[in-house]
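In what follows, a single structure is set out as structure tokens and then discussed.
Laboratory data are not the source of any read-out in this text; all were calculated from the coordinates shown. Computed from a predicted model, the values in this text were never measured in an experiment. Methodologically, a virtual Cβ is constructed for each residue, glycine included, from the backbone with ideal geometry; neighbour enumeration extends over all protein chains shown.
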Amino acid sequence: MSKRASVKMVAETANAKKPKHWSRGLVESINDPETIVKKTNNIVVINDKYPKAKIHYLVLPEDNINSIYKLNSSHVRLLEEFGKLYEEIKAEHKDHNLRAGFHAVPSMQRLHMHIISTDMISPCLKTKIHWNSFTTKFFLPYQDVLEELKENGTIKKITNEQHKSLMSSPLKCNQCDHISKNMPQLKEHLISHVK
Ligand code: AMP
Ligand code: ZN
């Protein structure tokens with residue numbers, strides 16, 4: 001083996017052993033055939049690995065766009081395609097009430113849109129942060145993000161104070177006016193909405 005080839009092999013082995021950061025999990029999942037639900041030329045829909053409701057998908061671009069805050073006017077078409085996939089998925093789940101949107105402060109890398117059913121019944125829904133991230137203004141509805149991008153060519157970030165205040169909002173039911181004292185009580189209450 002040439003010296004150059006052996007240096008390359010050593011580098012590749014070192015890279016393979018390097019632990020991948022958890023926040024890159026979605027980038028790996030979009031290449032995992034077991035996780036992929038739908039695929040177009042430039043968009044992948046995957047199952048959320050820790051679903052927070054009966055239906056929970058993530059829609060991601062193949063392009064390396066990190067978040068909604070990296071979007072500009074040139075991405076309007078891409079976001080409209082997200083919408084087409086959302087419509088397709090809604091048509092496939094007529095028995096569920098679905099919502100689509102983005103977390104104002106995402107934890108995972110690569111732009112991703114949540115498509116999630118309003119039942120919010122799932123063993124993975126455990127914390128107040130989980131709940132408030134989908135049921136308060138922390139969840140930016142797809143249509144609002146698309147409109148903001150069309151109008152301003154950019155998406156405005158929320159402040160740290162807004163973030164803190166949204167996360168500490170009371171545990172208000174997303175289907176009625178009930179406010180629960182804690183997560184076990186809320187989870188029990190959600191069952192009462194199942195027809
Ligand atoms: P967020 O970044 O807060 O908008 O949400 C990230 C979402 O990714 C959460 O709903 C997680 O349950 C989900 N998730 C975390 N890791 C993975 C993974 N490796 N594959 C698929 N979904 C994931
Ligand atoms: Zn309720």
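Structural remarks
- A Förster radius of 41 Å, combined with the Cβ-Cβ distance separating Lys156 from Gln185, puts the computed FRET efficiency at roughly 0.70.
- Segment Val37-Tyr50, extension gain: residue separation times 0.36 nm, minus the distance between their alpha carbons: 3.2 nm
- Segments 57-66, 175-184 sorted - mean Cβ within 10 Å per residue, highest first: 57-66, 175-184
- Our estimate of slack between Lys128 and Glu87, defined as 0.36 nm per intervening residue step minus the Cα-Cα distance, is 11.8 nm.
- Linear extension gain, Asn66 paired with Lys195, 0.36 nm per residue minus alpha-carbon span: 42.6 nm
- Cross-link pairs beyond the 19 Å C-alpha cut-off, checked among Lys128/Lys172; Lys84/Lys172; Lys84/Lys157; Lys52/Lys137; Lys126/Lys172: Lys84/Lys172; Lys84/Lys157
- Cα shape, the stretch 43-166, gyration tensor, a/c 1.5 rule: oblate
- Mean residue ellipticity, 222 nm, helices only, the chain: the sum of -39500 (n - 2.57) across DSSP H runs of n ≥ 4, divided by residue count and rounded to 500, is -11000 deg cm²/dmol.
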